[in-house]
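Inspection log for the structure reproduced underneath, given as structure tokens.
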Amino acid sequence: MCRFRVSDPETFTERVKRALELLTVQPGCHKGTLARSTDEDDRWVLTVEFESVVAYRRAMSPFPVREHVIPLLSEALTDEPAMYEPTLTSADGQVEEHTSLLAEDAFTVRLGEAGGPANPRR
């Protein structure tokens, strides 16, 4: 999820269209959406869903992606988090709860102190 402040919507949407074409053909990419704020006309958000972090990283590897997508993403606003993991998803009235990939002690352990999520965060 990347948020943008856009001064030229026409050029921006063309660039995002190309980025979405490149990303959504990558294995493990479920879908992508560009949305414009209804409150502030210069605020946009790009959301791309992947099946895993590994799929995301692999999707960013091909040269055309690095050539077109990475420069676009580098223009995103950086004062807000960009990565989120699903907690609840819903379709057709059914809600599915997802187990976190983060450890119970996430955000309390310093770099190099943890080996992985032995117990998922609740």
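The values are calculated or read from the model by the stated rules, or taken from the named source; none is laboratory data. Keep in mind the model is a prediction, meaning the values are calculated, not measured. Here the Cβ positions follow ideal geometry from the backbone for every residue, glycine too, while neighbour counts run over all protein chains shown. For the accessible areas, the whole protein counts, side chains as well, though only heavy atoms, and no ligand, DNA or RNA atoms are used. Shrake-Rupley method; radii C 1.70, N 1.55, O 1.52, S 1.80 Å.
Solvent-accessible surface of protein heavy atoms, probed at 1.4 angstrom with all chains present, puts His30, His68 in the order His30, His68, largest first.
Please compute the net charge surrounding Ser90, taking Lys and Arg as +1 and Asp and Glu as -1 over other residues with Cβ under 11 Å from its Cβ. Spelling it out: positives minus negatives among the neighbours equals -3. Using a probe of 1.4 Å, the accessible surface attributed to Lys17 totals some 110 Å² when neighbouring protein chains are kept in position. Apolar share of the accessible surface for the range 1-70: 49 percent from carbon plus sulfur atoms, 1.4 Å probe. For GluC sites (Glu not before Pro), the sites in the range 1-106 that DSSP calls loop and that have at most 11 other Cβ atoms within 10 Å are Glu40, Glu51. A probe of 1.4 angstrom, applied to the heavy atoms of all protein chains, finds Val45 with accessible area near 40 square angstrom. How large is the accessible surface of Thr78 in square angstrom, using a 1.4 angstrom probe and rounding to the nearest 10? That residue has around 130 Å² of solvent-accessible surface. Under the combined filter of DSSP loop state and at most 11 neighbouring Cβ atoms within 10 Å, the range 1-54 retains none of its chymotrypsin sites (Phe, Trp or Tyr not before Pro).
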